[in-house]
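Down below is the structure, laid out as structure tokens.
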Amino acid sequence: MVHQLSLVSTIPHSSYVQTISTLQALTGLTSPQPVSTYTLICKPINKFKPKFVPGKVNQIEQYFMKCITTWDDLDSFDLATPYLSDRVSTSILFNSDSAANTKKIWTLQISDIPIAGKNQTCSAQNIFESTLVHTHTASRKDAGDEKDSGDLDKDSFLQFLEDLGYNSINQFWIKGVRFFHGDIVIEIFKVFVRDDANKDSPSDSIPLKLLDESNGFQIKAFINVPKSTDIDLITQGSAELAKLQDFLKNLIQLEIPDRIFMDSRVQN
Amino acid sequence: MVSAVILNSGANPESITQFHDELANELPELRGNWGFSFKIFRNNPYSIPSGQPDSEEVSKETRFLHTLSPSYMNDLCICLINRRSVSVFTNMIDEEIGDLKFDTQIMTIPNGHLHKGAATGLSDVFDKFAAQKLQSLWTLKQNVRGDGGSIYQLENGNLTIKTSNVFLHGIFKGLLVEVNVDDHIVESTSSEYLVELFDRIIIDYKIPKGKMCFELMDSENPDELGDLCFQYSEILNF
């Protein structure tokens, strides 16, 4: 389990060079680490209808789940150049050639709603994750399950996800850079979604477009604390984030994200 | 590697000591102690498939999720759903184990996965993840533990026999023997051949009789860890 303390912000594209230069000077990191992730958003397939027993508090919730892996953009574009319509694409992940997919690594992640409270210095949230390194689907001819025979070509990870009880409902790609300042990780990134309007791309790749067409960058500054019970580390982390927020206040307005939008519970 | 799992439910201290003595007479190479954790989850009955009419309160189908974490593979968790879908979870990152990677069997997360931001590096073991956050889908039914186990390597490393005492909620349930045969002395994965192979090993090493499983989920398409978890699920279905 990760207890994540975070602050977020956005900057227009025009501030990118200045922000990067400032962070390079602040952190002493001349070449920031690249970040590129591909995320599937998954929703439970079944409805959850617990029986209400008077006097018994039912605390079991259904959650959306994120499945995260890495991706490579085929065109290796430069983040510093703003207009990148029809220049970003990614290779198709789940093709019929299942042998190529078996080695994909996925991180399953479920997060709690951020902790509520007054006068918070930063958003605090518990994140649970587990990483899988191998998937396999056995074809059972003797199972007598007619409907399964059609799924044999399916990617074994998607099959696992379905058997687990989840279905992917959306996807997005992230590309950016990150800096480290003490315990704080500062990520500056853009979010991409699939561009279905773009028809003239080669069939073996997926064209992408920006989610935020204004070309702005998202910024997230966070500290991961291994345990939510480690009060000392959390207090220290919050203080460090507040210090960073104050230090960068003329450049970036780091704010607490609205916790309601970060609620990953499924409303039945 | 092909494997077989045997549970001798009538084991007592005397028979266990005797079996260990007999194995020791074969001059095996001792590979240390081990244990395992095996959990059985059942689908949450209040998680209702969309095809089912609203009037019904509980799901009609019964599905199982099994997880197996052997201690000799650090933080590794094999997950088997419905005896069909296999996933192997781990917390080990390539750069963390470094020189320890003497064994190609160890599965690790490549460095790039962490560096490119896909994971925080503070993962949970999958069985805990499932018990904490997937409660609406899966409920933990049984927790089987294997303690005080030993690993013996025989026949120039081609045969490994692992023994472990099995406990269900702290109650002794028997002696579990896992037999692993290395790939290059296995001629086929057909069940006739495997019956013969394991019968020979059982007689040669006087392995106590009990419920045995050596079947593969799919004989044409074997998956080492998945099949192992499948065999545990067949043997330890208390």
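We did not get these values from a lab; they are worked out from the coordinates using the rules stated. Note that this is a predicted model, so its numbers are computed, not measured. We place every Cβ from the backbone using ideal geometry, glycine too, and count neighbours over all the protein chains shown.
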In the set B:LEU65, B:LEU154, B:LEU137, which member is of a type in the set (A, V, I, L, M, F, W, C), touching a Pro at 6+ places or on another chain (Cβ under 7 Å) and buried (at least 23 other Cβ atoms within 10 Å of the Cβ)? B:LEU137
Conditions (1) within 18 Å of A:LEU132 (Cβ to Cβ); (2) more than 9 Å from chain A (Cβ to nearest Cβ); (3) small (Gly, Ala, Ser); number of the one not met by B:SER71: (1)
Looking at A:PRO226, A:PRO207, can you tell me which residue is buried (at least 20 other Cβ atoms within 10 Å of the Cβ) and either more than 21 Å from A:ILE20 (Cβ to Cβ) or touching a residue at least 60 places away in the same chain (Cβ under 8 Å) (or both)? A:PRO207
Would you call B:SER123 within 14 Å of another protein chain (Cβ to nearest Cβ), surrounded by 22 or more Cβ atoms within 10 Å (Cβ to Cβ) and not β-branched (Val, Ile, Thr)? yes
Residue within segment B:147-158 that is free of Cβ contacts under 8 Å to residues at least 40 places away in the same chain and facing chain A (nearest Cβ under 9 Å) present: no
Hits in segment B:45-62 - residues which are touching an Asp or Glu at 6+ places or on another chain (Cβ under 8 Å), crowded, with 17+ Cβ neighbours inside 10 Å and not in a strand (DSSP E or B): B:TYR46
Among the numbered criteria (1) within 11 Å of another protein chain (Cβ to nearest Cβ); (2) without any contact (Cβ under 8 Å) to a residue 60 or more places away in the chain, which single criterion is violated by B:ASN44? (2)
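Each row is one residue, and each column tells you yes or no for (1) touching a residue at least 12 places away in the same chain (Cβ under 8 Å); (2) part of a loop (DSSP other than H, G, I, E, B); (3) in contact with an Asp or Glu (Cβ under 6 Å, 6 or more places away or on another chain).
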position	(1), (2), (3)
B:LYS173	yes, no, no
B:VAL179	yes, no, no
B:PHE198	yes, no, no
B:ILE202	yes, no, no
B:PRO208	yes, yes, no
B:ASP218	no, yes, no
B:ASP227	yes, no, no
B:GLU234	yes, no, no
When only residues in segment B:75-90 that are at the interface with another protein chain (Cβ under 7 Å from one of its Cβ atoms) and in a loop (DSSP other than H, G, I, E, B) count, which is surrounded by the fewest Cβ atoms within 10 Å (Cβ to Cβ)? B:ASN82
Could we say that B:GLU220 is of a type in the set (D, E, K, R), within 14 Å of another protein chain (Cβ to nearest Cβ) and surrounded by fewer than 21 Cβ atoms within 10 Å (Cβ to Cβ) here? yes
B:ASN8: buried (at least 21 other Cβ atoms within 10 Å of the Cβ), more than 11 Å from every other protein chain (Cβ to nearest Cβ), under 17 Å from the mean Cα position of the chain (by Cα) and not acidic (Asp, Glu), yes or no? yes
What tally of residues in segment A:28-55 results from selecting those that are more than 8 Å from every other protein chain (Cβ to nearest Cβ), farther than 21 Å from A:ILE174 by Cα and not aliphatic (A, V, I, L, M)? 5
Might you check whether a residue that is small (Gly, Ala, Ser), in a strand (DSSP E or B), away from every other protein chain (no Cβ under 14 Å) and closer than 20 Å to B:LYS141 by Cβ occurs anywhere in segment B:30-37? yes
Those residues of segment B:8-32 which are farther than 14 Å from B:LYS206 by Cα and among the small types (Gly, Ala, Ser), in sequence order: B:SER9, B:GLY10, B:GLY32
So if I check each of A:VAL193, A:VAL185, which one is exposed (fewer than 15 other Cβ atoms within 10 Å of the Cβ) and among the β-branched types (Val, Ile, Thr)? A:VAL193
